[in-house]
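The values are calculated or read from the model by the stated rules, or taken from the named source; none is laboratory data. Because the structure is predicted, anything quoted here is derived from the model rather than measured. Cβ coordinates were reconstructed from backbone atoms using ideal geometry, including for glycine residues, and neighbour counts include every protein chain displayed.
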Amino acid sequence: MPHSRKRFLEPVIRSALSWSPVVGLFGLRQVGKTTLVKELTDALKGEFETFDREIILQRARETPAQFLQRDSLLTIDEAQKAPQIFSIMKDLIGIKRKPGRFLLTGSVRFTLKKEIRESLTGRIVMKELLPFSLAEALQIEKSVFLKEAFHALSGSHHGSSEHSLFDQFKRKLKYTSPRQLSRLLVCGGLPVPCFARDSQKRKMWFEAYFETLLTRDVVLVEPSLFSLSFRQGLSFLKELALAQGNEVILSDSAIKSSLTPLMARRLLRTLEILALVDMIPPDIRSQKAIRKSQVEWKDSGLWGYLTGQEQDNCLSDIKAVHLLLTQEFRSQISDFDDAIFWYFYRNRDGADIPWIFKKGGQSVALKFYPSEVPASHDWRILKKFVNENKSSLALVLGPEKSTPTVLDKKIWFLPFNLVF
């Protein structure tokens, strides 16, 4: 069964429970949160409760203090359905700050819900369970691409030559077959479609997923959207899918979806809270810089269903490859002990850098080009970036059969399938 596959986040959660009183796990609906925490709770001899069961939810709402008083770890699935427990939880932790008291899951970002955030600030470690990465789906060793990029950047300060650093970097990476990447792109990383062999069953699953999302989940998060019809919601989602990797022009999306601007704004915020999309902030490097956030989808399968992505030619679609890379980078960011901040840069002349990752004073900038050997004017924006940022490295990603090359000082060219 796909649900029995080992999740790479499991030891991270176990470690967090050893020192934090509350650990929160959020992520897309159906991403596998419940399966993961049930197995972990059993291993730690804790108690598991789910608010998907009405009788349990009612008990927590009526007597929250009594409900939360347990001698061992208490795991609460879909905890956001009873927000009144969070203030009680805060009081209990204040009286006895014991590690590993509560493990909470939710299909919403707890920290984006005001009433929950205010109760748990400074008391909770938040982790996101992402859709299966390629390595996780195949149960193989995780890619170290981003870690090695920052490692190479650190090595450049110790007198190592550009070519020796580049060779060391290449040796740590592995090529991934286009067939595996194509399947991941079309199926996505949510457990059921990720491991389903029948494309028709996957399609039916995606249809049911979006129906539940728009007719139930959205209203639970934002009750003011009760009048949103399924047709309007699906139309907005398709507009959002077309905007993948770019800033969202809400006024246009609202008109095309027959929504008011206010409804469109609230719906976008709700989809972010439900972990369907990320809104990536811009790196404002010049007067011409775009200042709006850009949208990045969490799962390529959901995005592909909305855009009609076909498996035969999916890796020839620049936007599809961008999303595939984004998903892998997001997964690799979660492996860092230090905080990694993700920005993008785009100016009104069309020059852009989709991925700028910052760790302390270091920056790694990446851009994908569909050509074998990009002309110098294609990566001029990256050269400007490394010249303006002393501790930085730029990586140009090309087609899977490209030859790895040193393009310039601190600018390297690699096939994109070395990322995975």
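Looking at region 140-198, the helices (runs of 4 or more DSSP H) lying wholly inside it that each contain 1 or more residues that are within 28 Å of Gly32 (Cα to Cα) sit at 145-155, 178-187, 191-195.
Could you give me the residue pairs with C-beta distances under 8 Å whose first residue belongs to region 237-266 and is touching a residue at least 40 places away in the same chain (Cβ under 8 Å) and over 22 Å from Asp283 (Cα atoms), whose second residue is among the charged types (D, E, K, R) and in a loop (DSSP other than H, G, I, E, B) wherever it lies, and which are 6+ apart or on separate chains? Within 8 Å, the pairs are Arg266/Glu222. Only residues that are within 19 Å of the chain's Cα centre (by Cα), on the phi < 0 side of the Ramachandran plot and part of a loop (DSSP other than H, G, I, E, B) were counted in region 1-45, giving 7. For region 46-97, the set of residues classified as closer than 16 Å to Leu17 by Cβ, within 30 Å of the chain's Cα centre (by Cα) and not in a helix (DSSP H, G or I) consists of Gly46, Glu47, Phe48, Leu73, Leu74, Thr75, Ile76, Asp77, listed by residue number.
Of the strands (runs of 3 or more DSSP E) lying entirely inside region 327-420, those carrying at least 3 residues that are of a type outside the set (A, V, I, L, M, F, W, C) are 341-346, 352-359, 362-368. Listed conditions (1) loosely packed, with under 14 Cβ neighbours inside 10 Å; (2) touching a residue at least 60 places away in the same chain (Cβ under 8 Å); (3) not β-branched (Val, Ile, Thr) are all met by Gln84, apart from (2). Taking the criterion of being hydroxyl-bearing (Ser, Thr, Tyr), out of contact with any Cys (no Cβ under 9 Å at 6 or more places or on another chain) and surrounded by 13 or more Cβ atoms within 10 Å (Cβ to Cβ), the residues of region 155-211 that qualify are Ser156, Ser160, Thr176, Tyr209. Among all positions in region 301-313, there is at least one residue which is within 18 Å of Ile280 (Cβ to Cβ) and buried (at least 18 other Cβ atoms within 10 Å of the Cβ).
Each row is one residue, and each column tells you yes or no for (1) within 28 Å of Ala137 (Cα to Cα); (2) surrounded by 12 or more Cβ atoms within 10 Å (Cβ to Cβ); (3) in contact (Cβ under 8 Å) with a residue 40 or more places away in the chain.
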| residue | (1), (2), (3) |
| --- | --- |
| Thr34 | yes, yes, yes |
| Val37 | yes, yes, yes |
| Lys45 | yes, no, no |
| Asp52 | yes, no, no |
| Leu74 | no, yes, no |
| Glu78 | yes, yes, no |
| Lys98 | no, no, yes |
| Arg101 | no, yes, yes |
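Residues considered: Ile333, Ile273. Of these, the only one that is assigned by TED's automatic domain parsing to the domain that holds Trp355 and of a type in the set (Val, Ile, Thr) is Ile333.
What about Gly301, is it touching a Pro at 6+ places or on another chain (Cβ under 6 Å), in a helix (DSSP H, G or I) and outside the structural domain of Leu397 (by TED's automatic domain parsing)?
Answer is yes for this residue.
Kindly establish whether Phe341 is within 27 Å of Leu181 (Cα to Cα), in the same structural domain as His151 (by TED's automatic domain parsing), modelled with pLDDT of 95 or more and surrounded by fewer than 21 Cβ atoms within 10 Å (Cβ to Cβ).
Answer is yes for this residue.
Checking the conditions here, which among Leu220, Leu262, Leu225 is modelled with pLDDT of 95 or more and surrounded by 13 or more Cβ atoms within 10 Å (Cβ to Cβ)?
Leu225
Scanning region 346-363 for residues that are surrounded by 19 or more Cβ atoms within 10 Å (Cβ to Cβ) and within 17 Å of Gly398 (Cβ to Cβ) yields Ile353, Pro354, Trp355. Take the conditions (1) on the phi > 0 side of the Ramachandran plot; (2) at pLDDT 95 or above; Leu234 misses just one of them, which is (1).
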